[in-house]
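K.L.:
One structure is given below, represented as structure tokens, and several questions about it will come after.
The values are calculated or read from the model by the stated rules, or taken from the named source; none is laboratory data. Everything quoted here is computed from the prediction, not taken from an experiment. Here Cβ is always computed from backbone atoms with ideal geometry, including for glycine, and neighbour counts include all displayed protein chains.
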Amino acid sequence: MPSRARRLSSRVRESWWKVPRARRLEVYAFWRSRPIVANQVLYESFGGNGALCNPEAIFRGLRADPDFARLTHVWVLSQHPDDNASFVAEFAGERNVRFVKPGTSGYYRALATSGYLVNNATFPVEFSKRAGQVYLNTWHGTPLKRMGYDIGDAAARVANVIRNFLAADFLLTTSPYMTQRLYEESHLLRNIYRGRVIDEGYPRVDHQFADAPLSRRRQN
């Protein structure tokens, strides 16, 4: 009996942990049946930890360009309000900028219906890009360390990274070295990836130089 009770208790615990994911899948599936909002851009950086890195630079670049004034911008930001208080306050009065928390119904709605998706890491395992969505994955740095299969990670550990890369319509890269090391070798995308690799450098670096004084830019 004790052994049977332990097995039953183990199954209950396993089922309990599956409940939240099942609910997320149901919510996401519902919103995937809704129309795509063609002029909406969803930005996520490091799983919602902040408005950072390449997604932030792209966001600010689009906001500053009158040709893209029609766009609506949705940011995935941390559950804790103090983490991104200054950024939220900066755009609090903007009608075409809003915020969603990771893992919420609002998050899955935006993930399922935004016409454009921008991420510097990965969307969650529930994510599946729809026809009509355009996905730009910028990643967040040139790999000067071993990653993915280079460090012997099991397939389960790199599966979602590879899924995101393969789903992306565009992969951003800073150099041929990054393309080779990160995408083709560490994550085995050579002869598999069917999207476009953009070798144009990082928007976050361009943004830094754009904000620098003219005299400083001339020196660089």
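K.L.:
With respect to MET147, is the statement that it is over 23 Å from LEU42 (Cα atoms) and at pLDDT 80 or above true?
P.N.:
So MET147 does not fit the description; no.
K.L.:
Out of the residues in region 100-114 meeting the condition of being of a type outside the set (A, V, I, L, M, F, W, C) and more than 19 Å from ASN49 (Cβ to Cβ), tell me which one is surrounded by the fewest Cβ atoms within 10 Å (Cβ to Cβ).
P.N.:
Here the answer is SER105.
K.L.:
Looking at region 64-110 only, could you name the residues that are in contact with a His (Cβ under 9 Å, 6 or more places away or on another chain) and not acidic (Asp, Glu)?
P.N.:
PHE91, ASN96, VAL97, ARG98
K.L.:
Kindly list, by first and then second residue, each pair from a residue in region 83-111 that is in contact (Cβ under 8 Å) with a residue 12 or more places away in the chain to a residue that is aromatic (Phe, Trp, Tyr) and part of a loop (DSSP other than H, G, I, E, B), limited to pairs with Cβ atoms under 6 Å and residues at least 6 apart or on different chains.
P.N.:
VAL97/PHE91
K.L.:
Are any of the residues in region 93-110 over 20 Å from GLU56 (Cβ atoms) and of a type in the set (A, V, I, L, M)?
P.N.:
Checked against the condition, which is being over 20 Å from GLU56 (Cβ atoms) and of a type in the set (A, V, I, L, M), region 93-110 yields no hits at all.
K.L.:
So which residues in region 25-82 are crowded, with 17+ Cβ neighbours inside 10 Å, of a type in the set (A, V, I, L, M) and farther than 20 Å from ASN96 by Cβ, if there are any at all?
P.N.:
Hit for region 25-82 is VAL27, nothing else.
K.L.:
Would you be able to tell me the number of residues in region 19-59 that are in a helix (DSSP H, G or I) and either hydroxyl-bearing (Ser, Thr, Tyr) or closer than 18 Å to SER114 by Cβ (or both)?
P.N.:
Counting residues in region 19-59 that are in a helix (DSSP H, G or I) and either hydroxyl-bearing (Ser, Thr, Tyr) or closer than 18 Å to SER114 by Cβ (or both) gives 14.
K.L.:
Taking PRO203, is it more than 18 Å from SER45 (Cβ to Cβ) and modelled with pLDDT under 90?
P.N.:
No, not satisfied.
K.L.:
If a residue has to be out of contact with any helix residue (DSSP H, G or I) (no Cβ under 6 Å at 6 or more places or on another chain) and part of a strand (DSSP E or B) to count, how many in region 74-98 make the cut?
P.N.:
3
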